[in-house]
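The values are calculated or read from the model by the stated rules, or taken from the named source; none is laboratory data. These figures come from a predicted structure and were not determined experimentally. Positions of Cβ are generated from backbone atoms using ideal geometry, with glycine treated the same way; all protein chains shown enter the neighbour counts.
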Amino acid sequence: MSHTFNLIVFPVKDIAKGKTVFGKLLGAEPYMENPYYVGFRVGGQEIGLDPNGHKKGMTGPLGYCEVADIRTTLQSLVDEGARVTQDVKDVGGGRLTAWLADTDGNQIGLLQSP
């Protein structure tokens, strides 16, 4: 089974300024606007802005790979040497995310949609 990175989240300190910059860059309006997340969809790619990202330990953009079963995928990657940096959590509406570091320390996000 193949997976794809279809979500990239950028940590931003000021969500309003980030929304303006990314809206201009992407030439699009957000499809979702909340105080805790702003999301854009452009050509099948989702770009998200997280005003709490820095507080959660994000040091830069984080790509999320969409998977069918987040817990099974996470465990299989840990079995191959990856390390969990944020366990599975529901970020709203049944959408699950997790973070892990690969064997070189690169951060990877996993995403399971309801």
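So, residue 56, is that one without any contact (Cβ under 8 Å) to a residue 12 or more places away in the chain, out of contact with any helix residue (DSSP H, G or I) (no Cβ under 6 Å at 6 or more places or on another chain) and outside any strand (DSSP E or B) or not? Quick ask: steps written out before the conclusion?
Details: without any contact (Cβ under 8 Å) to a residue 12 or more places away in the chain: no; out of contact with any helix residue (DSSP H, G or I) (no Cβ under 6 Å at 6 or more places or on another chain): yes; outside any strand (DSSP E or B): yes.
So residue 56 does not fit the description; no.
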Q) Within segment 87-114, can you find the residues that are in contact with a Gly (Cβ under 9 Å, 6 or more places away or on another chain) and surrounded by 17 or more Cβ atoms within 10 Å (Cβ to Cβ)? A) 97, 98, 99, 100, 107, 108, 109, 112
Q) Scanning segment 60-90 for residues that are in contact (Cβ under 8 Å) with a residue 40 or more places away in the chain, not acidic (Asp, Glu) and not in a helix (DSSP H, G or I), which turns out nearest to residue 10 (Cα to Cα)? A) 61
Q) Considering only segment 20-69, how many residues are buried (at least 18 other Cβ atoms within 10 Å of the Cβ) and either more than 15 Å from residue 109 (Cβ to Cβ) or over 15 Å from the mean Cα position of the chain (by Cα) (or both)? A) 5
Q) For segment 38-53, what are the residues that are touching a residue at least 24 places away in the same chain (Cβ under 8 Å) and either in a strand (DSSP E or B) or of a type in the set (Gly, Ala, Ser) (or both)? A) 44, 45, 46, 47, 48, 49, 50, 53
Q. Residue 6 passes all but one of (1) at pLDDT 95 or above; (2) surrounded by 14 or more Cβ atoms within 10 Å (Cβ to Cβ); which number fails?
A. (1)
Q: Output the residues belonging to segment 91-111 that are assigned to a strand (DSSP E or B) and either without any contact (Cβ under 8 Å) to a residue 24 or more places away in the chain or charged (D, E, K, R) (or both).
A: 101
